[in-house]
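The values are calculated or read from the model by the stated rules, or taken from the named source; none is laboratory data. Just so it is clear, the model here is predicted, and its values are computed rather than measured. What goes into the accessible areas is simple: the full protein's heavy atoms, side chains included, and nothing from ligands, DNA or RNA. Shrake-Rupley method; radii C 1.70, N 1.55, O 1.52, S 1.80 Å.
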Amino acid sequence: MAITTQGVFEIRTTGSDANGGVFDVGVTGHGTDYSQQNAAQLTVADVVTNSTTTVTSATGGFTAAMIGNGINIAGTIYVITAVATTNSITVDRATGTGTAQAASVGGALASPGYWSGQCVANNTAWIMAGTYTISSSTSKVSGGLVVSPNYACTLIGYTATRGDAPLPGSGNQPLITSTLTGSIFLVTIMLGTLKNVAVTGTSNLVQQCACYECTFTCNSVTVSQYGLTNGQALGCISNGTCGGFSGSACIGCYSYGITAANAINFSGGSATSCIAKGGAYGYLSCIASDCIAYQCTADGFHIGGYGISFSNCYAEGCGGYGFNITFNTIMINCAALSNTSGNYSTNATSNNIGFVNL
């Protein structure tokens with residue numbers, strides 16, 4: 001047995017990575033949720049484990065209400081499944097062997113990096129508004145990179161109450177930030193979900209997860225780094241100096257403020273009902289529909305290839321072409337206005353249907 005898929009973690013700046021941090025309603029006879037508080041409900045320093053599921057403490061203080069809560073024993077979180085006496089409990093899986101070990105029951109965790117090393121597939125974590133700084137390039141540790149070792153985990157931000165859904169750009173979202181540089185990614189949740197969270201840094205930010213109403217601020221000087229890479233985005237904002245979205249399926253997203261030379265708002269992947277403002281390129285080899293490119297320093301919609309199309313899109317005030325495409329790309333019902341090099345390139349002449357040259 002292990003933490004079940006119904007286990008829910010809590011992360012707060014006022015918590016501790018020595019706390020239990022999770023409450024699991026999948027445990028039969030679960031009691032009171034002590035994870036949604038800053039301090040542990042019980043802390044002892046004399047826990048004894050013997051490579052079984054039995055955990056004992058001479059100090060004790062265990063109660064039936066603690067069933068379903070996490071207990072952090074020497075840096076590993078288990079879930080209490082039964083309380084035999086005030087001095088003896090059963091946990092969800094076999095422990096290691098040790099004596100005089102520190103242990104805490106309940107209380108929120110303090111860093112998403114540590115959470116990512118403790119969750120199991122399909123677990124959810126709620127993260128309260130505040131600033132969480134990644135200071136280590138090691139993953140799955142306190143203050144480290146957020147790299148979920150299991151599939152389909154979910155990290156959801158909130159301001160004051162779970163579910164209050166702070167909007168992107170509002171300043172009310174929990175902020176994951178770092179000054180680490182290079183090609184590393186701050187957050188990787190394979191096939192998982194990131195929701196109502198802001199991420200900022202000077203490296204790549206997020207990859208390989210579905211993002212809902214998130215804020216990305218990638219301030220790297222490296223043009224090839226992005227806010228989101230190889231993921232999905234719905235209603236997200238990217239406003240850093242470098243790239244916005246790369247290889248991702250984006251719906252209702254906004255990328256702006258890019259200042260790095262040759263930086264791209266939407267690169268590869270697809271975009272629907274998105275806006276690109278500023279930056280060198282609005283959309284590069286990206287399938288785009290119902291999208292806008294505005295005030296890009298180069299082309300609004302650039303190049304393409306087999307399988308790439310631009311439909312119902314609009315480009316205005318770009319320093320290059322509005323639409324600069326190859327013979328293999330099709331434009332359908334697009335329009336452009338006041339683009340320096342022209343509203344569309346010569347190659348676009350035979351490849352457009354219903355183009356409006358404003």
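Computed with a 1.4 Å probe over protein heavy atoms only, the accessible surface of the chain comes to 37 Å² per residue. For the chain, averaging the sequence separation of C-alpha pairs within contact (under 8 Å, six or more residues apart) and dividing by the residue count gives a relative contact order of 9 percent. Taking each DSSP H run with n ≥ 4 as -39500 (n - 2.57) and averaging over every residue of the chain yields -500 deg cm²/dmol at 222 nm. Separation of region 170-185 from region 193-228 is 7 Å, based on Cα centroids.
DSSP beta bridges fully contained in the chain are about 25 percent antiparallel. Of HIS30, HIS302, the residue with the largest accessible area leads and the full order is HIS30, HIS302 (1.4 Å probe). Here VAL147 sits with roughly 40 square angstrom of accessible surface, probe radius 1.4 Å. The mean sequence separation of alpha-carbon pairs under 8 Å and at least six residues apart, normalised by the residue count of region 264-329, gives a relative contact order of 29 percent. Put SER136, SER148 in order of accessible area, highest first, and with a 1.4 Å probe you get SER136, SER148.
Surface listing: SER135, SER255, SER341 arranged by accessible area from highest to lowest gives SER135, SER341, SER255, probe 1.4 Å. Please label the shape of the chain as rounded, prolate or oblate, based on the square roots a ≥ b ≥ c of the eigenvalues of the alpha-carbon gyration tensor (a/c under 1.5 means rounded; beyond that, a/b larger than b/c means prolate, else oblate). It is prolate, given that a/c is not under 1.5 and a/b is the larger ratio. Atom-type composition of the exposed protein surface of the chain places 55 percent of the accessible area on carbon and sulfur (1.4 angstrom probe).
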